[in-house]
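> For reference, the structure I am asking about is given below.
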Amino acid sequence: MSYKPPLRDEIALRPGYHSPQFDVEVALNTNESPFLPPEQWTSELLSALSKVRYNRYPDRKATELRRCIAEYHEVEAEEVFCANGSNEVIEILLLAIGGPSRKALVFEPTYALHSHICRLTSTEVVSGHRDESFRIDPEQARKLNELHDPVVTFICSPNNPTGQLESVDVVTGILGQTEGLVLVDEAYGEFASPVSSALTLRSTKGADYDDSLSRLAVVRTFSKVWSMAAFRLGYLIGSPQLISACERAALPYHLSTPTQTAGIVAMRYRSEMEDRVKQMTQERDRLRAELERLKVQTWPSEANFILFRPGDRSGREVWQKLVDSSVLIRDCSDWPGLEGCLRVTVGTSEENDRFLDALEECL
Ligand SMILES: *Cc1c(COP(=O)(O)O)cnc(C)c1O
């Protein structure tokens, strides 16, 4: 008889995390940037890679990359931890501070990976629920924090898949309710106004954090507006103590030299990144206006995607019809709290037009 792996319950009892990867002409399902990184970035990177001593392990502390990221955010390098995508950052963090008999608080509907990573690390998930406009209810958060004493409270802002930003006041409010870590996932932070980032709370260089601010951590990624999803690079900004905790849990040399180099070079193309943000936010606003014209219910978005509900037709049916026209978006229609909803990533204007035409046809 062939070997049947003795899966842990957390793994066996749940389906894995899947976003279907089909071969389609217009892929608007995973919130990547529709643009390649700048050509100069590619040539600078290739030239840097030709000089790497591939026989040697990478810089374990990713010193130069952390210095560049720290400079960009006006924090210290000791306050930055990098890994292969922000999901891995979160996994490493939970390996360090989560685990059996510890809890994490999430507010649904939100990014499914947060609770998935909790389960992978045997961290118990406590779910709060967002209000009708998909915002966190501070009073409910207070009750849940009191009742469960989570080691980490996740705040996804702008929230995926709904698009809303949580105010800095909500973040400070929750910091006051818990003794645990408050982790703000700002994967889409560049699309929103910088003053709305939780990083503004801890931007003073080398500041002595008061107790509650040292429990704030912010996660960011190169997978979205930096146009580098293929590389897998993300980072966390937090107190030096938290960064050391992550370093203890990470495997040695977890971040390859090419990945570190790609991030270092990318940081020299910040203004190009900001140009892409401008283009994408303009397209986002146009896309939303067009959806409203089609009498489709939409929600405001501070990110590079839009959540919408296609009225009378079932979400699943619309999703399938779009796939038949070679347009792939995200089907959220059976997620709790998102009945009938679909999420479309903002693409190039041509891609968005293809999507809008296909949608109009099936409505
Ligand atoms: C896309 C996304 C990420 C990115 O994860 P990576 O591992 O960095 O690619 C993280 N958080 C949220 C909420 C996302 O939507």
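> Of all the residues that make up the range 227-267, how many are of a type in the set (A, V, I, L, M, F, W, C) and over 17 Å from the mean Cα position of the chain (by Cα)?
Filtering the range 227-267 down to residues of a type in the set (A, V, I, L, M, F, W, C) leaves 228-231, 233, 236-237, 242-243, 245-246, 249-251, 255, 262, 264-267.
Add one more test, that the residue is over 17 Å from the mean Cα position of the chain (by Cα), and what stays is 242-243, 245-246, 249-251, 255, 262, 264-267.
Adding up the residues that qualify gives 13.
> Would you kindly identify the helices (runs of 4 or more DSSP H) lying entirely within the range 1-112 that contain at least 3 residues that are within 24 Å of GLU274 (Cβ to Cβ)?
39-49, 63-73
> Here is a further query. Within the range 68-84, restricting attention to residues that are farther than 13 Å from LEU233 by Cβ and touching a Gly at 6+ places or on another chain (Cβ under 7 Å), which residue is least open to solvent (accessible area, probe 1.4 Å)?
Checking each candidate, the answer is GLU79.
> I'm checking my understanding of the structure. Among residues of the range 118-156 that are of a type in the set (S, T, N, Q) and touching a strand residue (DSSP E or B) at 6+ places or on another chain (Cβ under 6 Å), which one is farthest from LEU307 (Cα to Cα)?
Initially, the range 118-156 is screened for residues of a type in the set (S, T, N, Q), giving 121-123, 127, 133, 140, 145, 153.
Adding the requirement that they be touching a strand residue (DSSP E or B) at 6+ places or on another chain (Cβ under 6 Å) leaves 123, 127, 140, 153.
Details: THR123: 29, SER127: 21, GLN140: 24, THR153: 24 Å.
Per the stated criteria, the residue is THR123.
> Now, a different point. In the range 197-204, is there at least one residue being farther than 22 Å from GLU74 by Cβ and in contact with a helix residue (DSSP H, G or I) (Cβ under 6 Å, 6 or more places away or on another chain)?
no
> Moving to a separate point now. Residues that are closer than 30 Å to LEU95 by Cα and out of contact with any Cys (no Cβ under 6 Å at 6 or more places or on another chain): find the helices (runs of 4 or more DSSP H) completely inside the range 247-362 holding 3 or more of those.
257-266
> Output the residues belonging to the range 224-242 that are surrounded by fewer than 18 Cβ atoms within 10 Å (Cβ to Cβ) and more than 12 Å from the ligand (Cβ to nearest atom).
Result: PRO240, GLN241.
> Next question, about the same structure. Hey, can you tell me all the residues within the range 175-186 that are hydrophobic (A, V, I, L, M, F, W, C) and open to solvent by less than 10 Å² (accessible area, probe 1.4 Å)? Quick ask: steps written out before the conclusion?
Let us first name the residues in the range 175-186 that are hydrophobic (A, V, I, L, M, F, W, C), namely 175, 181-184.
Of everything in the range 175-186, those that are hydrophobic (A, V, I, L, M, F, W, C) and open to solvent by less than 10 Å² (accessible area, probe 1.4 Å) turn out to be LEU175, VAL182, LEU183, VAL184.
Every residue, every condition in (1) more than 23 Å from ASP331 (Cβ to Cβ); (2) among the aliphatic types (A, V, I, L, M); (3) open to solvent by less than 60 Å² (accessible area, probe 1.4 Å); (4) out of contact with any helix residue (DSSP H, G or I) (no Cβ under 8 Å at 6 or more places or on another chain), yes or no:
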| site | (1), (2), (3), (4) |
| --- | --- |
| GLY99 | yes, no, yes, yes |
| ARG119 | no, no, no, no |
| SER122 | yes, no, yes, no |
| VAL125 | no, yes, yes, no |
| ASN145 | yes, no, yes, no |
| ASP149 | yes, no, no, yes |
| THR162 | no, no, yes, yes |
| GLY173 | yes, no, yes, no |
| PRO194 | yes, no, no, no |
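> With respect to LEU65, is the statement that it is in contact (Cβ under 8 Å) with a residue 60 or more places away in the chain and open to solvent by 70 Å² or more (accessible area, probe 1.4 Å) true?
No.
The values are calculated or read from the model by the stated rules, or taken from the named source; none is laboratory data. All values reported here derive from a predicted model rather than from experimental measurement. We place every Cβ from the backbone using ideal geometry, glycine too, and count neighbours over all the protein chains shown. With ligands, DNA and RNA removed, areas are computed over all heavy atoms of the protein, side chains included. Shrake-Rupley method; radii C 1.70, N 1.55, O 1.52, S 1.80 Å.
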